[in-house]
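Student: Input: one structure, supplied below.
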Amino acid sequence: MSGELKSGREGNLEAPTRHALAWRDPQFYDGAALDKELERVFDICHGCRRCFNLCNSFPTLFDLVDESKTGEVDAVDKKAYWQVVDQCYLCDMCYMTKCPYVPPHPWNVDFPHLMLRAKAVKNRGGGTRWRDRVLSSTDRVGAIAGIPVVAEVVNAVNKSSLGRKVLDAALGVHPEAPVPEYRSNTLRKQLRRRPTPGVAQAAATTRGKVALFATCYGNRNEPEIGLDLVRVFEHNGIEVALTERERCCGMPKLELGDLEAVAALKEKNIPQLLAMIERGYDIVAPIPSCVLMFKQELPLMFPDDPDVALVKQRIFDPFEYLALRHKAGLMRTDFSRPLGKVSYHVACHLRVQNLGLKTRDVLQLIPGTTVEPIERCSGHDGTYGVKREFRAASMKIAKPVIQRAQSAAADFYSSDCPMAGRQIESGLEQGPPPTHPLTLLRIAYGLPEE
């Protein structure tokens with residue numbers, strides 16, 4: 001392996017430090033500099049191989065090295081590096097759970113950010129496929145597919161074998177991959193008609209009233225998740241409001257390396273969230289990826305923006321918020337129904353937030369409920385798991401999760417990420433659909449559906 005450690009020590013015993021993303025530096029997009037850094041980091045990964053069982057980037061890299069003439073990275077054709085890049089969906093699990101060489105280690109390995117840099121270079125060079133641009137344009141696709149008559153047609157096509165063949169031919173979406181339904185009666189439409197409760201009670205770091213960032217998926221695909229969040233929060237005396245306007249958080253564009261599009265979305269969302277914060281609201285969102293976008297990705301892209309920093313400070317995962325309220329003695333525990341055994345998949349983008357297992361902890365407050373967490377990737381990860389060329393790899397990644405959910409014989413299986421839940425469902429031999437943790441909490445409280 002190149003680059004001997006001058007310190008003479010192996011691994012890293014200090015807390016990791018995430019450096020800001022220098023995406024506006026022209027050097028960031030220099031192809032030769034990128035190749036040099038890819039070779040350096042790939043050489044370190046080749047010598048370590050701790051990440052062999054995470055995403056498919058690492059097996060792809062190790063196979064390329066092992067099949068080269070010398071068995072070393074310097075013999076791998078640099079054009080083949082893109083095979084590794086394309087397999088990365090920026091889950092951050094290598095950085096968070098495996099790599100001993102993350103900064104402040106002198107080798108300064110941040111594999112996800114290096115992959116993001118490569119994707120950004122590819123995107124700026126016109127290498128992003130039209131299919132990927134379409135699938136990541138969630139606002140535009142959702143606005144069209146959510147039109148009442150159009151939604152019915154889209155959903156019918158997506159449920160038919162012929163329709164899935166057409167979708168595969170047009171966009172390369174695998175016929176067996178789970179694709180969400182579109183709802184014309186969106187979450188934002190439904191919540192505009194909803195009254196809010198009275199005086200908020202602040203405690204610790206929570207203000208007792210929240211602005212709901214509905215998210216693209218929560219708004220147009222599974223609005224019942226957001227409705228259950230509102231029911232549960234209002235049952236606990238927490239006022240829930242909506243921002244005046246909302247756009248995609250930017251995560252789908254980030255995964256393509258389209259950083260200018262991420263910046264444009266940030267300019268739409270941050271002022272809206274900031275306005276709610278200034279009115280005394282905290283922010284919550286039901287999708288872990290969207291919370292992570294505001295907690296980590298935008299602050300790393302805009303480290304000197306005070307508005308981004310303030311949103312980072314005041315945005316919460318729903319169960320993080322409830323756990324804080326419980327610690328302050330303000331969460332109601334008047335549960336009327338036990339849940340029995342729950343097989344609970346912990347979403348990667350929730351694990352990255354370093355919250356601990358707050359969803360498990362809150363659900364286990366319910367008498368007669370046992371929660372068994374599964375801390376493995378589901379392999380879905382945005383659009384990765386639906387694409388024809390990645391479907392087999394995504395299901396291989398998901399296999400341990402699916403097997404554990406199948407063998408658990410639980411009363412419910414659940415994931416904070418509804419798309420991960422659908423991925424698990426697509427691999428199960430039989431059984432009911434997943435039940436989101438917020439829905440489980442609503443059921444346990446005995447609150448009615450609307």
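Student: Could you grab me the full set of residues in the range 89-101 that are under 17 Å from His46 (Cα atoms), outside any helix (DSSP H, G or I) and touching a Phe, Trp or Tyr at 6+ places or on another chain (Cβ under 6 Å)?
Tutor: Residue satisfying the conditions is Tyr101 alone.
Student: Follow-up. So which residues in the range 267-308 are out of contact with any Lys or Arg (no Cβ under 8 Å at 6 or more places or on another chain), of a type in the set (Gly, Ala, Ser) and either open to solvent by less than 20 Å² (accessible area, probe 1.4 Å) or not in a helix (DSSP H, G or I) (or both)?
Tutor: Passing the criteria: only Ala285.
Student: Let me ask another. Could you please tell me which pairs satisfy a Cβ distance under 7 Å, a separation of 6+ or placement on different chains, a first residue in the range 311-325 that is within 11 Å of Val232 (Cβ to Cβ), and a second residue that is of a type outside the set (S, T, N, Q) and part of a helix (DSSP H, G or I)?
Tutor: Final answer for the pair search is Pro318/Leu229; Pro318/Leu438; Phe319/Lys358; Phe319/Val362; Phe319/Pro437; Leu322/Val362.
Student: Could you list, in sequence order, the residues of the range 73-83 that are in a loop (DSSP other than H, G, I, E, B) and surrounded by 15 or more Cβ atoms within 10 Å (Cβ to Cβ)?
Tutor: Matches in the range 73-83: Val76 only.
Student: If you don't mind, another one. Give me a count of the residues in the range 102-128 that are open to solvent by less than 40 Å² (accessible area, probe 1.4 Å) and either within 19 Å of Arg49 (Cβ to Cβ) or assigned to a loop (DSSP other than H, G, I, E, B) (or both).
Tutor: So the count comes out to 12.
Student: On the given criteria, is Asp86 in a helix (DSSP H, G or I), open to solvent by less than 60 Å² (accessible area, probe 1.4 Å) and either of a type in the set (Asp, Glu) or modelled with pLDDT under 90 (or both)?
Tutor: Taking the combined requirement at face value, the residue satisfies it.
Student: I'm trying to understand the selection: among the residues of the range 320-336, which are surrounded by fewer than 18 Cβ atoms within 10 Å (Cβ to Cβ) and basic (Lys, Arg)?
Tutor: Hits for the range 320-336 are Lys327, Arg332.
Student: Just one of Thr435, Thr439 is without any contact (Cβ under 8 Å) to a residue 24 or more places away in the chain and either part of a loop (DSSP other than H, G, I, E, B) or in contact with a helix residue (DSSP H, G or I) (Cβ under 6 Å, 6 or more places away or on another chain) (or both); which is it?
Tutor: Testing whether each residue is without any contact (Cβ under 8 Å) to a residue 24 or more places away in the chain and either part of a loop (DSSP other than H, G, I, E, B) or in contact with a helix residue (DSSP H, G or I) (Cβ under 6 Å, 6 or more places away or on another chain) (or both) leaves just Thr435.
Student: What number of residues within the range 244-256 are under 14 Å from Cys216 (Cβ atoms) and over 21 Å from the mean Cα position of the chain (by Cα)?
Tutor: 1
Student: Name the single residue that is farthest from Gly250 (Cα to Cα) among those in the range 385-416 being surrounded by 24 or more Cβ atoms within 10 Å (Cβ to Cβ) and not aliphatic (A, V, I, L, M).
Tutor: Applying the filter and picking the extreme gives Tyr413.
Student: Determine the pairs where a residue that is on the phi > 0 side of the Ramachandran plot, located within the range 256-284, has a partner that is part of a helix (DSSP H, G or I) and among the polar types (S, T, N, Q) with Cβ atoms under 8 Å apart, the partner being 6 or more residues away or on another chain.
Tutor: Gly257/Asn123
Student: Which of the residues spanning the range 329-372 are on the phi < 0 side of the Ramachandran plot, without any contact (Cβ under 8 Å) to a residue 40 or more places away in the chain and in a loop (DSSP other than H, G, I, E, B)?
Tutor: Thr333, Leu355, Leu357, Gln364, Leu365, Pro367
Student: Looking at Ser407, Ser394, Ser378, Ser426 in this structure, which one is polar (S, T, N, Q), farther than 19 Å from Phe233 by Cβ and in a loop (DSSP other than H, G, I, E, B)?
Tutor: Ser378
Student: Return the residues of the range 129-140 that are within 15 Å of Gly172 (Cβ to Cβ) and open to solvent by 50 Å² or more (accessible area, probe 1.4 Å); say none if nothing qualifies.
Tutor: Arg129, Trp130, Arg133
Student: Does at least one position in the range 381-389 carry a residue that is acidic (Asp, Glu), part of a loop (DSSP other than H, G, I, E, B), closer than 16 Å to Arg404 by Cβ and at pLDDT below 95?
Tutor: No.
Student: If you don't mind, another one. Taking the condition of being closer than 17 Å to Met251 by Cα and either within 20 Å of the chain's Cα centre (by Cα) or without any contact (Cβ under 8 Å) to a residue 40 or more places away in the chain (or both), how many residues in the range 130-153 meet it?
Tutor: Here the count works out to 11.
Student: While we're on this one: Among the numbered criteria (1) open to solvent by 10 Å² or more (accessible area, probe 1.4 Å); (2) in contact (Cβ under 8 Å) with a residue 24 or more places away in the chain, which single criterion is violated by Glu67?
Tutor: (2)
The values are calculated or read from the model by the stated rules, or taken from the named source; none is laboratory data. Not measured: the values here are computed from a predicted model. Positions of Cβ are generated from backbone atoms using ideal geometry, with glycine treated the same way; all protein chains shown enter the neighbour counts. When the accessible area is computed, the model is the full protein with side chains, heavy atoms only, and any ligands, DNA or RNA have been set aside. Shrake-Rupley method; radii C 1.70, N 1.55, O 1.52, S 1.80 Å.
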